[in-house]
Amino acid sequence: MFEEQRRRLVEKLIEEGYIRRPEVAEAMLKVPREEFVPEEYKDLAYVDRPLPIGMGQTISAPHMVAYMIEAAELKRGDKVLEVGTGSGYHAAVMAEVVGPEGHVYTIERIPQLAEKAKERLERLGYGDRVTVLVGDGSKGYPPAAPYDKIIVTAAAKRIPEELVKQLKVGGIMVIPVEEEPGYQVLYRIEKGPEGLRVQRLLPVAFVPLVEEG
Ligand code: SAM
């Protein structure tokens, strides 16, 4: 039942233009979103909307996961940092795209969510390709830097300097930025040899990026 629903959702996201490349479609066809949502929401796993995952947080809507992966031009072999693990769903889809040659580092500030996501990702076979970390992801994760791509799934007040530093030259970061109270825009930031190219993509609604200290 879920497989059929998943296939229909992926077809819809292709039609709507959120999924543009076959490797992203294949990745989303493989990852069972129903495993990443609480029991009481399983029936809604393939409705294209965010869902609560506890601790006041959400799993992003599937179209947003696809859109961010496409905007970052995520590809096989990439080393990617995700800030905001949440359920681990976005990390699993990215793990499918980067393949065994790549790696996903994902960092979550709420230990209970990180623990659950880690257990889930291991159970579903992503343990080798995804490293789940606990901490303030606005500071990045310097031990594995620099990254080909950085994906931030919580809204920042401004572009975190530390994350820009940890991006490779030629790398891309996709991050929601709260430009004014209650108004967030998804940014695509490309780090060139001469500086940053910042594009504003579309208005979005994410939970806030909580920065410590
Ligand atoms: N990518 C997630 C998924 O696939 O389920 C959805 C993430 S949810 C929209 C945003 C997450 O960012 C929340 O779990 C929240 O706790 C986390 N978060 C907020 N500020 C953070 C920070 N400074 N460092 C790490 N995680 C943070």
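Derivation of every value follows stated rules applied to the coordinates shown; laboratory data play no part. Since this is a predicted model, take the numbers as computed values, not measurements. Counting neighbours? That spans all protein chains shown, and the Cβs are built from the backbone with ideal geometry, glycine included.
So here's what we get for this one:
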| quantity | calculated |
| --- | --- |
| Protection proxy ranking, peptides 61-70, 133-142, 40-49, average beta carbon neighbours within 10 Å, highest first | 61-70, 133-142, 40-49 |
| Cα-based shape type of segment 70-185, given that a ≥ b ≥ c are square roots of the gyration tensor eigenvalues and the cut on a/c is 1.5 | oblate |
| Size of electric dipole in segment 1-111: Cβ of Lys, Arg +1 and of Asp, Glu -1, about Cα centre, debye, nearest 20 | 180 |
| Gyration tensor verdict on the chain (Cα atoms; rounded if a/c is under 1.5, prolate if a/b is larger than b/c, oblate otherwise) | rounded |
| Net charge dipole size for the chain [Lys, Arg +1 and Asp, Glu -1 on Cβ; Debye, nearest 20] | 360 |
| Rounded to 10°, Cα long-axis angle of helix 89-98 versus longest principal axis of the chain | 80 |
| Among VAL152, GLY99, PRO142 the positive-end extreme of the charge dipole of segment 95-163 (Cβ point charges) | VAL152 |
| Unit charges at the beta carbon, dipole of segment 2-204: most positive-side option, VAL83, TYR126, VAL47 | VAL83 |
| Distance between modelled label sites at LYS30 and GLN5, nm, 7 Å Cα→Cβ extension | 2.2 |
| Out-of-range pairs (alpha-carbon distance over 30 Å; input LYS12/LYS191; LYS12/LYS165; LYS42/LYS168; LYS75/LYS157; LYS75/LYS139) | LYS12/LYS191; LYS12/LYS165; LYS42/LYS168 |
| Cα centre as origin, Lys/Arg/Asp/Glu Cβ charges: segment 73-195 dipole, Debye | 160 |
| Between 0 and 90°, nearest 10: helix 111-123 axis offset from the chain longest Cα axis | 60 |
| Contact order relative to length of the chain, as percent, for alpha carbon pairs under 8 angstrom and 6 or more apart | 15 |
| Folded to 0 to 90 degrees: helix 2-15 orientation relative to the chain principal axis, Cα | 50 |
